[in-house]
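Report on one structure; see the data block that follows.
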C-alpha cells in the first residue's frame, strides 16, 4: 500500500509589521532576529509570504537591500547590520 504524505514547509521566522506614521517606512520585527548570514533566508521567506517578486538584491558590507515588486509597485527591503534593523519602503 502506497501512502502519500503532504509536506508542509514550516517558516523559520515570524514577523510583524509596524508602519511609521510620518513616513512610508514599515518597520519589521522578526523572531528569531536574522543575523548577517541568514538575512537572505528571511528575505526569501518574506517575499514569498507576500507574493512579491525579487527584481534585484545587493548584499553589502554593513547593509543588505532587496528590490522587489508587489502589485505593480516597487519596494526595497533593508537590513542594517550594526543596528540590527529591518524595514521596507516604496521606491
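The values are calculated or read from the model by the stated rules, or taken from the named source; none is laboratory data. All figures in this text were calculated on a predicted structure; none of them were measured in a lab. When we count neighbours, we look across all protein chains shown, and the Cβ atoms used for this are built from the backbone with ideal geometry, even at glycine.
Look at segment 27-57 and say how many of its residues are modelled with pLDDT of 95 or more and farther than 18 Å from residue 16 by Cα.
Summing the residues that are modelled with pLDDT of 95 or more and farther than 18 Å from residue 16 by Cα in segment 27-57 gives 5.
For residue 49, which of the numbered conditions (1) surrounded by fewer than 12 Cβ atoms within 10 Å (Cβ to Cβ); (2) part of a helix (DSSP H, G or I); (3) touching a strand residue (DSSP E or B) at 6+ places or on another chain (Cβ under 6 Å) fails to hold?
Every listed condition holds for residue 49 apart from (3).
Residue check: is residue 83 loosely packed, with under 10 Cβ neighbours inside 10 Å, on the phi < 0 side of the Ramachandran plot, out of contact with any helix residue (DSSP H, G or I) (no Cβ under 7 Å at 6 or more places or on another chain) and at pLDDT 95 or above?
The answer is no for residue 83.
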